[in-house]
1. Does VAL64 satisfy the condition of being open to solvent by 60 Å² or more (accessible area, probe 1.4 Å), within 30 Å of GLU45 (Cβ to Cβ) and hydrophobic (A, V, I, L, M, F, W, C)?
2. Would you please name the residue that is modelled with the lowest pLDDT, looking only at residues in segment 33-50 that are hydrophobic (A, V, I, L, M, F, W, C) and either open to solvent by less than 80 Å² (accessible area, probe 1.4 Å) or in contact with a helix residue (DSSP H, G or I) (Cβ under 6 Å, 6 or more places away or on another chain) (or both)?
3. Are any residues in segment 98-119 exposed (fewer than 15 other Cβ atoms within 10 Å of the Cβ), modelled with pLDDT under 95 and out of contact with any Gly (no Cβ under 7 Å at 6 or more places or on another chain), and if so, which ones?
4. Quick one: is VAL78 free of Cβ contacts under 8 Å to residues at least 40 places away in the same chain and aliphatic (A, V, I, L, M)?
5. Would you check if PHE85 is of a type in the set (A, V, I, L, M, F, W, C) and closer than 15 Å to VAL118 by Cβ?
6. I'm trying to understand the selection: among the residues of segment 15-28, which are open to solvent by less than 80 Å² (accessible area, probe 1.4 Å) and assigned to a strand (DSSP E or B)?
Amino acid sequence: VGYDFDVAQFTFGVHYSPNFFANSGTAWYKQLLATVPLPFIKLHEDIAFKLFGSIGNQYVANNVNYGISSNNYWDWQVGLTMTAFTVDFSVSYVGTSVNAYENCGNTMNCASRALFMVSKTF
């Protein structure tokens with residue numbers, strides 16, 4: 001569900017699984033995403049910029065099978081997208097509330113990190 005207020009767009013989503021990854025049982029994921037266009041940045045008529053950010057919450061009934069220390073954690077991201085001639089280039093910083101090493105199966109899989117993405121919708 002979403003709405004565009006012109007100065008910002010907000011989208012809220014809820015996902016449910018009765019049998020989530022690794023036999024971890026029932027799972028719910030809720031997310032709120034905000035996108036803010038930056039029309040005052042004018043490089044070319046076919047280039048546009050926007051800021052985005054999101055916060056989400058993951059609930060997993062059997063967190064041990066899933067590989068985390070509790071059955072509930074938060075994730076977030078903040079970033080910038082440049083759309084150039086219908087191709088999106090995004091850079092973002094993402095993280096979770098899960099302790100990066102101690103509560104993530106002794107791995108760094110839950111550590112905060114920067115991402116760079118290129119996408120094209122056909």
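The values are calculated or read from the model by the stated rules, or taken from the named source; none is laboratory data. Everything numeric in this text was worked out from a predicted model, so none of it was measured. All Cβ positions, even for glycine, are placed from backbone atoms using ideal geometry, and neighbour counts span all protein chains on display. Side chains included, ligands, DNA and RNA excluded: accessible areas come from the protein's heavy atoms. Shrake-Rupley method; radii C 1.70, N 1.55, O 1.52, S 1.80 Å.
1. So VAL64 fails the test.
2. ILE41
3. Result: ASN99, TYR101, GLU102, ASN106, THR107, MET108, ASN109, ALA111, ARG113.
4. Yes; evaluated as a whole, the condition is true for this residue.
5. yes
6. Correct list: SER17, ALA27.
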